[in-house]
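Engineer: To start, I am sharing the structure in question, which I have written as structure tokens.
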Amino acid sequence: MLLTRSAWLRIVCSTAICCTAAQSPSQSLQAQFSDPAKSDRLPLKQEAVQYLYPEQITAPAGKSTAVVLHFRVAPGLHVNSHSPKDESLIPTALSIPAESGVKLDAATYPQGTDFTLPADPESKLSVYTGDFAIQARITAAPGDHLVEAKLRYQACDQQQCMPPKTATVAIDIIGK
């Protein structure tokens, strides 16, 4: 659930009023009326990468089938592309567990866009921002498979990178 900035501000202000009662009046007022616009992120848990669609796929059982998986990177963040320019960077990668009844035959990742950090204008990174899609080929066994595919990535903002994360990509795949 995402909150609007005004809803967030109401929560922060009411929390600040409750939590600052023991402070002096000037400290309390300063805590209550800090400018949330100066913060570029809300303090709510939001995934850096969101799986958009498809939620369900019907594929001929036993035959390799093309599937396009759509993702969105949260505003203000970027993730390393599948082919980062530096070996030490964590690439974005899709996998499907072997026991799922669905095999990932191949995955084709989009080309990353060049990105330069203000702190290091000489280096260019290869990243995904906004929406991106992975072209996959899968082979499904007969039946209905609730697949928990995995997307491994490392998200960063302009100042720092978060720890690498593996997100679950839930897809209902029907092999007919």
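The values are calculated or read from the model by the stated rules, or taken from the named source; none is laboratory data. Only a predicted model underlies this, so the values are computations on that prediction, with no experimental measurement involved. When we count neighbours, we look across all protein chains shown, and the Cβ atoms used for this are built from the backbone with ideal geometry, even at glycine.
Engineer: Would region 130-140 turn up any residue that is aromatic (Phe, Trp, Tyr) and in contact with a Pro (Cβ under 6 Å, 6 or more places away or on another chain)?
Structural biologist: yes
Engineer: Name the residues in region 152-176 that are under 10 Å from the mean Cα position of the chain (by Cα) and under 17 Å from Ser126 (Cβ atoms), would you?
Structural biologist: Residues satisfying the conditions are Arg152, Tyr153, Gln154, Ala155.
Engineer: If only one of Ser83, Ser95, Ser64 is of a type in the set (S, T, N, Q), touching a Pro at 6+ places or on another chain (Cβ under 8 Å) and surrounded by fewer than 18 Cβ atoms within 10 Å (Cβ to Cβ), which one is it? It would help to see each step written out before you state the result.
Structural biologist: Values: Ser95 fails: touching a Pro at 6+ places or on another chain (Cβ under 8 Å); Ser64 fails: touching a Pro at 6+ places or on another chain (Cβ under 8 Å).
Result: Ser83 is the single residue among Ser83, Ser95, Ser64 that is of a type in the set (S, T, N, Q), touching a Pro at 6+ places or on another chain (Cβ under 8 Å) and surrounded by fewer than 18 Cβ atoms within 10 Å (Cβ to Cβ).
Engineer: Identify the single condition in (1) over 16 Å from Val147 (Cα atoms); (2) touching a Lys or Arg at 6+ places or on another chain (Cβ under 8 Å) that Lys63 does not satisfy, given that it satisfies every other one.
Structural biologist: Lys63 satisfies every listed condition except (2).
Engineer: Assess whether Cys156 counts as being surrounded by 13 or more Cβ atoms within 10 Å (Cβ to Cβ) and free of Cβ contacts under 8 Å to residues at least 12 places away in the same chain.
Structural biologist: no
Engineer: Please verify whether region 114-123 includes one or more residues that are free of Cβ contacts under 8 Å to residues at least 40 places away in the same chain and surrounded by 15 or more Cβ atoms within 10 Å (Cβ to Cβ).
Structural biologist: yes
Engineer: Kindly list the number of the only condition in (1) modelled with pLDDT under 95; (2) under 24 Å from Gln158 (Cβ atoms) that fails for Pro25.
Structural biologist: Result: Pro25 passes all but (2).
Engineer: Examine region 52-61 for a residue that is among the β-branched types (Val, Ile, Thr), more than 17 Å from Val169 (Cβ to Cβ) and modelled with pLDDT of 90 or more, and state whether such a residue exists.
Structural biologist: Step one: of region 52-61, the residues among the β-branched types (Val, Ile, Thr) are 57-58.
Filter again for more than 17 Å from Val169 (Cβ to Cβ), leaving 58.
If we keep only those that are modelled with pLDDT of 90 or more as well, we get 58.
Yes, region 52-61 contains a residue that is among the β-branched types (Val, Ile, Thr), more than 17 Å from Val169 (Cβ to Cβ) and modelled with pLDDT of 90 or more.
Engineer: Scan region 50-63 and report the pairs whose first residue is among the aliphatic types (A, V, I, L, M) and whose second residue is not in a strand (DSSP E or B), with Cβ atoms within less than 7 Å and a gap of 6+ or a chain change.
Structural biologist: Hits for this filter: Ala61/Ala141; Ala61/Pro142; Ala61/Lys176.
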